[in-house]
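Accompanying notes for the structure given below.
The values are calculated or read from the model by the stated rules, or taken from the named source; none is laboratory data. Computed from a predicted model, the values in this text were never measured in an experiment. All Cβ positions, glycine included, derive from the backbone under ideal geometry; neighbour counts span all protein chains shown. SASA here: full protein model, heavy atoms, side chains in, ligands and nucleic acids out. Shrake-Rupley method; radii C 1.70, N 1.55, O 1.52, S 1.80 Å.
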Amino acid sequence: MSNKVLFRPDEAAALMQAGKAVLIDIRDTESYQAGHIVGAVNVPDVFSYLAQTSPEGLQALQAQFAELFGNAGLDGEKVAIVYEDALNTRYGGSCRGFWLLQYLGYPKVGILDGGLRAWKAFGGTVDNSTVTPAAACFPVLPQAELLVTTEQMLAALADPAIKLLDNRDKDEWLGESSSPYGKDFAPRKGRIPGAVWLEWYELMDTRKPVAAFKSASQVRALAAERGLTPDDEIIIYCFKGARAANSYVAMKLAGFDKLRIYLGSWNEWSRDERLPIETGLPKGAVRLLPQVV
């Protein structure tokens, strides 16, 4: 697989012009139809899909996205470049697309740095015509080492060598809301026991006209405050794996190489009554709260 993650708008434009890339727009259909990068294909399921990590759930995920990405024209040769409005919108949807394609084993995948906002600032063209490319045979070679199942997450609770990172919003972390879809969308509120907390947007620099990831040194410093180092084995979770993917990319760029995502995240965990949860203010969180209030 390619090591390149972020593609500047000019790089994406050159690849598109040469017929070597497919741009994947993960926004909802209405937003896509209102204006998208010329030639981009709409795959909104990248953002909206709620995954289950049982064997049957993973088989369903692989089958569905093999079809969707095949219909988008991804044949294993073209670079898949995923984008949303900006890197800090839609809860990290473009990063979820990047991670999902990596998990499925696609060899050439990246993210449009700065998303649609950066594309427009670059002077890239936008239109509202629906793009329907010739379908391709999408190769599926699942990279199981990138994903954590519910059973693996449960086992990780007893392994002191594994660190858990919850990067949801504060009200979810404290158990005041079950999800970004509504306070009672999921049946239980709280967090996975033992997880440390680092809100996903703390890793974003929003002072610039187009949001970007913070520098590697800044990301490492924020992680260190939570006791996380680049040498640690870390599992990240949020509600459905989008914000987790955003932090995954930010931390990968900062030199964290032992990262996995619990794709089912809180949506899956909260629906299984046999799984433990914590609620209330956790130990060690008091000193962190003033930074984000």
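Suppose we keep only residues that are of a type in the set (S, T, N, Q) and closer than 22 Å to Tyr91 by Cβ within region 45-64. Which one would you say is nearest to the chain's Cα centre (by Cα)?
Ser48
How many residues, within region 1-18, are free of Cβ contacts under 8 Å to residues at least 12 places away in the same chain and either over 24 Å from Thr89 (Cα atoms) or surrounded by fewer than 17 Cβ atoms within 10 Å (Cβ to Cβ) (or both)? Show your work before the answer.
Applying the first criterion (free of Cβ contacts under 8 Å to residues at least 12 places away in the same chain) to region 1-18 yields 3, 11, 14, 17-18.
So of that shortlist, the ones also either over 24 Å from Thr89 (Cα atoms) or surrounded by fewer than 17 Cβ atoms within 10 Å (Cβ to Cβ) (or both) come out as 3, 14, 17-18.
Count: 4.
Quick check on this structure: which one of Gly194, Gly182 is open to solvent by less than 30 Å² (accessible area, probe 1.4 Å) and out of contact with any helix residue (DSSP H, G or I) (no Cβ under 8 Å at 6 or more places or on another chain)? If you could, list the steps in order and put the result at the bottom.
On the way: Gly194 fails: open to solvent by less than 30 Å² (accessible area, probe 1.4 Å).
After applying the criteria, what remains is Gly182.
Does region 139-147 include one or more residues that are polar (S, T, N, Q), over 17 Å from Ala250 (Cα atoms) and more than 18 Å from the chain's Cα centre (by Cα)?
No, there is no match, as no residue in region 139-147 is polar (S, T, N, Q), over 17 Å from Ala250 (Cα atoms) and more than 18 Å from the chain's Cα centre (by Cα).
Residues of region 106-118 being open to solvent by less than 10 Å² (accessible area, probe 1.4 Å) and either of a type outside the set (A, V, I, L, M, F, W, C) or more than 12 Å from Ile24 (Cα to Cα) (or both), which ones?
Selection gives Tyr106, Gly110, Gly114, Gly115.
Just one of the numbered conditions (1) in contact with a strand residue (DSSP E or B) (Cβ under 7 Å, 6 or more places away or on another chain); (2) modelled with pLDDT of 95 or more is not true of Pro107; which one?
Here Pro107 clears every test but (1).
Pick from Val41, Val46, Val82: which is more than 15 Å from Trp99 (Cα to Cα), among the hydrophobic types (A, V, I, L, M, F, W, C) and surrounded by 17 or more Cβ atoms within 10 Å (Cβ to Cβ)?
Only one candidate passes the filter, namely Val41.
Does at least one position in region 200-209 carry a residue that is surrounded by 21 or more Cβ atoms within 10 Å (Cβ to Cβ), in contact (Cβ under 8 Å) with a residue 12 or more places away in the chain and under 22 Å from Gly280 (Cβ atoms)?
Yes: region 200-209 contains one or more residues that are surrounded by 21 or more Cβ atoms within 10 Å (Cβ to Cβ), in contact (Cβ under 8 Å) with a residue 12 or more places away in the chain and under 22 Å from Gly280 (Cβ atoms).
Of the residues that make up region 78-87, is at least one in contact with a strand residue (DSSP E or B) (Cβ under 8 Å, 6 or more places away or on another chain), among the hydroxyl-bearing types (Ser, Thr, Tyr) and more than 18 Å from Glu11 (Cα to Cα)?
Among the residues of region 78-87, not one is in contact with a strand residue (DSSP E or B) (Cβ under 8 Å, 6 or more places away or on another chain), among the hydroxyl-bearing types (Ser, Thr, Tyr) and more than 18 Å from Glu11 (Cα to Cα), which makes the answer no.
So which pairs qualify, if the first residue must be in region 82-98 and polar (S, T, N, Q), the second must be in a strand (DSSP E or B), the Cβ gap must be under 8 Å, and the two must be at least 6 apart or on different chains?
Asn88/Met204; Ser94/Val82; Ser94/Tyr83; Ser94/Ile111; Ser94/Leu112
Exactly one condition in (1) out of contact with any strand residue (DSSP E or B) (no Cβ under 8 Å at 6 or more places or on another chain); (2) modelled with pLDDT of 95 or more; (3) exposed (fewer than 14 other Cβ atoms within 10 Å of the Cβ) is not met by Pro142; state its number.
Going through (1) out of contact with any strand residue (DSSP E or B) (no Cβ under 8 Å at 6 or more places or on another chain); (2) modelled with pLDDT of 95 or more; (3) exposed (fewer than 14 other Cβ atoms within 10 Å of the Cβ) one by one, Pro142 breaks only (3).
Please state which of the following conditions Ser2 fails to meet, knowing it meets all the rest: (1) farther than 24 Å from Ala245 by Cα; (2) modelled with pLDDT under 95; (3) of a type in the set (Gly, Ala, Ser).
(1)
Run Gly182 past the list (1) part of a strand (DSSP E or B); (2) modelled with pLDDT under 95 and report the number of the one that doesn't hold.
The single condition Gly182 does not satisfy is (1).
Of the conditions (1) over 21 Å from Ala155 (Cβ atoms); (2) buried (at least 24 other Cβ atoms within 10 Å of the Cβ), Leu222 fails just one. Which one is it?
So Leu222 meets the others, but not (2).
Write out, first by first residue and then by second, each pair whose Cβ atoms fall under 6 Å of each other, whose residues are 6+ apart or on separate chains, and whose first residue, in region 248-275, is on the phi > 0 side of the Ramachandran plot while the second is crowded, with 20+ Cβ neighbours inside 10 Å and of a type outside the set (Gly, Ala, Ser).
The qualifying pairs are Ser265/Tyr237; Ser265/Cys238; Ser265/Phe239; Ser265/Lys240.
Is it fair to say Val38 is farther than 23 Å from Pro180 by Cβ, in contact with a strand residue (DSSP E or B) (Cβ under 7 Å, 6 or more places away or on another chain) and hydrophobic (A, V, I, L, M, F, W, C)?
The answer is yes for Val38.
Answer with yes or no whether Ser129 is modelled with pLDDT of 95 or more, assigned to a loop (DSSP other than H, G, I, E, B) and either open to solvent by less than 30 Å² (accessible area, probe 1.4 Å) or not charged (D, E, K, R) (or both).
Criteria not met by Ser129.
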